1. I'd like the projected area of the stretch 168-212, averaged over all directions, using the convex hull of its alpha carbons. Report it in nm² with one decimal.
2. Relative to the compact-globule scaling 2.2 N^0.38 Å, provide the ratio for the alpha-carbon radius of gyration of the stretch 95-245.
3. With a ≥ b ≥ c the root eigenvalues of the C-alpha gyration tensor of the stretch 166-253, is it rounded (a/c under 1.5), prolate (a/b larger than b/c) or oblate?
4. Could you sort the peptides 154-160, 210-216 by per-residue average Cβ neighbour count (10 Å cutoff), highest mean leading?
5. Could you run the Karplus curve 6.51 cos²θ - 1.76 cosθ + 1.60 with θ = phi - 60° over the stretch 95-112 and give me ³J(HN,Hα) per residue in whole Hz, x for Gly and Pro?
6. How many percent of DSSP beta bridges within the stretch 51-189 run antiparallel, rounded to 5?
7. From the residues VAL52, GLY200, MET313, which one has its Cα farthest along the dipole of the chain in the positive direction, the dipole being from +1 and -1 charges on Cβ of Lys/Arg and Asp/Glu about the Cα centre?
8. Give me, ordered by chain and number, the residues 5 or more places off ARG212 or on other chains with an amide H under 5 Å from its own placed amide H.
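Just so it is clear, none of the values below were taken in a lab; they were calculated from the coordinates. Remember, predicted model here, so these are calculated numbers, not experimental data. Here Cβ is always computed from backbone atoms with ideal geometry, including for glycine, and neighbour counts include all displayed protein chains.
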Amino acid sequence: MTSKTYKKNRLIVAGLSAALMLAGCSSSGESTDAAAGAATGDGAFPATAESVYGPVTVESKPERIVATGSTVAAIMVALGEQPVLIGEDAPDPADYPWLDGVFTGEFEDIWTDAGTSLELIAGHDPDLILNTGSFEVDEGIYPDYEAIAPTFVGTQEGISPANDLLLAYGKLVGKEAEAQKTLDDLEASFDPLKEGELAGLQGKTYNYVSLRDGAVFNMPNGSAVEYFGLEPAANQDNSWSSNGISYENMREFQADVLFVGLAADEDRARLEQDPLFQNLPAVKSGSVIFFDTTNEPINGSVLEASPPAVDYMREELTPLLTGLGANNAA
């Protein structure tokens, strides 16, 4: 979940042990200081991560992080870091249950019709500002953010993939190894499913779409379902930049599995009576999953794809995937 319209701790044991060994083997103040730095992670600084607007460098471990939305904040909590400010209204636990009770920082909506409130951000005296993508910070006003604190806008134009953000944020807070381990652990948590009850889905293709105004199928980033072993169909655009596919051209959805987001019950009834929809391969095989785009937590977890969201997605989406025809085909 990100701004406005999108509202929608680990220690490195080896590093700690090395620090203690250094402290025990040296009597000099210099060596002791070096050991303390290693124990706290300060040896990782200065740290630099590449962003869409160029490299971002922090000179020392950030202690007052501003997250422009709860997706950013959720990724930081997965790294053992609590932002002092989360720049939106507190998420509804009914819509985002994986975020319930995980934050200790302050929620305050920083978004205005003109963009973000730089004064509000500056008032929290941040030493690092984190965003999810360039759609939140125009390049023209990026220097205004940098005048407050080092600002990481994202890894690409538009909305950045959550895994890319995890690795970049990890660098900036001196937890690059933890970030990679978090990602590796997430992927490994799906291995039993891929080798067991979802073995039939391995290598199957998917389309992840949502019907807008009954006229156009948008393509949000559904790449989180690839954790299950699914692969994007040739026309699945997970860049958030797709113009969509018109209702009349829905025959283009030839994937083995089809995820369809709907905002109104009548849209589902319309689809289920439409020969174009009924002739899609996924429909014929019983491999369609519908979800509510207005308040469906499963859909929200796929789109957010932060570590806690992925954990939620795994538990909630697995039963639905297990029963699909594509998973049970001979």
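1. Working: hull surface 21.9 nm².
Convex hull of Cα atoms, orientation-averaged projection: 5.5 nm².
2. On the way: Rg = 18.6 Å, N = 151, 2.2 N^0.38 = 14.8 Å.
So the Cα radius of gyration is 1.26 times the expected 2.2 N^0.38 Å.
3. On the way: a/c = 3.76, a/b = 1.53, b/c = 2.46.
Oblate, because a/c is 1.5 or more while a/b does not exceed b/c.
4. On the way: 154-160: 19.9, 210-216: 15.6.
Descending packing order for the listed peptides: 154-160, 210-216.
5. 8, 10, x, 5, 9, 5, x, 8, 9, 10, x, 7, 9, 7, 6, 9, 9, 10
6. Numbers: 4 of 13 bridges.
Counting DSSP beta bridges with both partners in the stretch 51-189, the antiparallel share is about 30 percent.
7. GLY200
8. Under 5 Å from the amide H of ARG212: PHE217, ASN218.
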